[in-house]
Amino acid sequence: MIVLVNPRSAKWKHRVPMSILSLAALLESQYSYEIVDGNFEADLQTTLIRTLRDTNAKYLGVTVMPGPQLMQAIPITQRLKELFPHLTIVWGGYFPSLHAKVVLQSGFVDFVIRGQGELSFRELIDAMEAGASIDHIPSLSFVRNGEVIHNPKRPVTDPNTLPPMPYHRVDMKRYIGKTYLGTRTMTSHSSFGCPFLCGFCAVAAIYKSRWVGKKASSVVDEILWFKNQHGVNAVEFVDNNFFVAEKRTVEIAAGLRGQGIAWWAEARPDTLMLYSDATWRAMRESGCKMIFFGAETSSQDTLELMNKGGKQTPDMVLELAARAKEFDIIPEFSFVLGTPSDDVDGQIERDIRYIRRIKEINPRSEIVIYVFSPVFFDDADLLQKSQQFGFGFPNHLLQWLEPQWTSFDLRKQPLTPWLQPHHREQILNFERVLNARFPTVSDIKLKRWQTAILKTLGAWRYKLGFYIAPWEIRFVANRLFRYRQPEIEGL
């Protein structure tokens, strides 16, 4: 028996646990397994203890993202290893893929699978059951004689070669909810990886500029299956870079046109600026309502430090804001403020002025602001420069449970030596005023009178560029009614 665990990732708006389902797809009809989603467990540890005892499970697979999942996975895994010392525990996901050595040296995780885990997890179970060698299993990391061993990475798996997700093994209605896009929204994943090597991105650190997408016909078939079986009328494509291939996008748009499906996805500015007007029009007519773009910064030098690649420039993003307006698609621009610099104050000011220019060009543009947190991408210039300023990651897994590292993972309170408290306050104050002046359309619970209050409070500050100590906005947004944070909660 195998138990697959998805630790809690959010307080609400839970997504289909695709990482776990992708493992399950390779286990179907071959091994007995159970899926436990921590998002719906009041006490995940107690549930897992009971499940392990009742099923006499031999293997525990845990998917671990930085942030809330990591905070839950560490103490629970440690406790389960104490109670079930013969249980084989396998971690996968972004955090262990980037920090495999630290995870394995904890002593309570037996194996780490780096990157995609579908095939490697199945091969590991096969080898363990047969008593065979594990030395040939790609992307597997483990400890032998006190030394951490990393088997060579597996090439990116073509999603078209994988079996369908066993959606029947989870309660799908739990993952369908009301969003800005539609009354019955769910998530879907149509590709793996990204062809670029941005130095702040965990995807780039793992996939190393590789991208493989599902065939357009398969993507459309799955979405229409969701519609017919579960009444879905909106989809968030959570691909790391959905729009890599224009031909595929056109075919997906053609398949979704007239189906009553609204959709959202992520893109690079330079990729979409190369798309033809006909493709933009087809996307909108097929139901595309919003696209997330990594604008990142107002500085070309910072883009180069980030190794953003491609042909993206700050001026191009301004052109993109205008083009999206022309085709009635809302651009959602994310920015990473507070990157390592000898002129942090000046760069933050320039980024703020740049964001204001975007709002002038297209007031409907959504702005998502992150405070820069380094990613363990060992050969990235951005990490190396961060280390030159004195930044370093924890050397022990349990250190990640300390409060400052919890905030670090949410990109709100980075432990970066060059960013002082007043810098962080400057960024957050601007964000509060901006969000009050332009409340996000994704907050469907925000009533008209609440929106009016926020706009009134934010208008004079935004007009005067006065962002210092917006206590009145903070009180209203956080105390009188809870304002959503798309950078943490999604749509």
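The values are calculated or read from the model by the stated rules, or taken from the named source; none is laboratory data. None of the values given here were measured: they were computed from a predicted structure. Note that we place each Cβ from the backbone using ideal geometry, even for glycine, and neighbour counts take in every protein chain shown.
Below, the figures for the structure above:
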| read-out | value |
| --- | --- |
| Subset of the stretch 112-135 [over 21 Å from Gln30 (Cα atoms) and touching a helix residue (DSSP H, G or I) at 6+ places or on another chain (Cβ under 9 Å)] | Val112, Arg114, Gly115 |
| Qualifying residue in the stretch 122-129 (condition: among the β-branched types (Val, Ile, Thr), buried (at least 20 other Cβ atoms within 10 Å of the Cβ) and not assigned by TED's automatic domain parsing to the domain that holds Glu332) | yes |
| Evaluation of Pro138 against (1) closer than 16 Å to Ala25 by Cβ; (2) at pLDDT 95 or above (one fails), failing number | (1) |
| Among (1) part of a helix (DSSP H, G or I); (2) surrounded by 15 or more Cβ atoms within 10 Å (Cβ to Cβ), the one test that Val336 misses | (1) |
| Residue match in the stretch 145-152 (condition: surrounded by 15 or more Cβ atoms within 10 Å (Cβ to Cβ) and more than 24 Å from Glu34 (Cα to Cα)) | yes |
| Residues satisfying the stated conditions in the stretch 130-144, i.e. surrounded by fewer than 16 Cβ atoms within 10 Å (Cβ to Cβ) and on the phi > 0 side of the Ramachandran plot | Gly131 |
| Single unsatisfied condition, Lys81 versus (1) outside any helix (DSSP H, G or I); (2) surrounded by fewer than 21 Cβ atoms within 10 Å (Cβ to Cβ) | (1) |
| Positions within the stretch 1-17 being crowded, with 16+ Cβ neighbours inside 10 Å and within 28 Å of Gly182 (Cα to Cα), in sequence order | Asn6, Pro7, Arg8, Ser9, Lys13, His14, Arg15, Val16, Pro17 |
| Matching residues in the stretch 366-403 - criterion: being hydrophobic (A, V, I, L, M, F, W, C), over 20 Å from Leu337 (Cβ atoms) and part of a helix (DSSP H, G or I) | Leu397, Leu398, Trp400, Leu401 |
| Strands (runs of 3 or more DSSP E) lying entirely in the stretch 107-221 (those with 1 or more residues that are in contact (Cβ under 8 Å) with a residue 24 or more places away in the chain and aliphatic (A, V, I, L, M)) | 111-113, 140-144, 147-150, 185-188, 211-213 |
| Test: residue in the stretch 41-48 that is out of contact with any helix residue (DSSP H, G or I) (no Cβ under 8 Å at 6 or more places or on another chain), outside any helix (DSSP H, G or I) and within 27 Å of Thr187 (Cα to Cα) | yes |
| One residue from Thr179, Thr185 being at pLDDT 95 or above and closer than 16 Å to Glu236 by Cβ | Thr185 |
| Filter pass, Glu246 being of a type in the set (D, E, K, R), in contact with a strand residue (DSSP E or B) (Cβ under 9 Å, 6 or more places away or on another chain) and more than 20 Å from Ser442 (Cβ to Cβ) | no |
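Here is a yes/no grid of residues against (1) among the small types (Gly, Ala, Ser); (2) closer than 30 Å to Gln387 by Cα; (3) within 20 Å of the chain's Cα centre (by Cα):
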| residue | (1), (2), (3) |
| --- | --- |
| His168 | no, no, no |
| Thr179 | no, no, yes |
| Thr183 | no, no, no |
| Met186 | no, no, yes |
| Cys194 | no, yes, yes |
| Arg210 | no, yes, yes |
| Gly213 | yes, no, yes |
| Val220 | no, no, no |
| Leu224 | no, no, no |
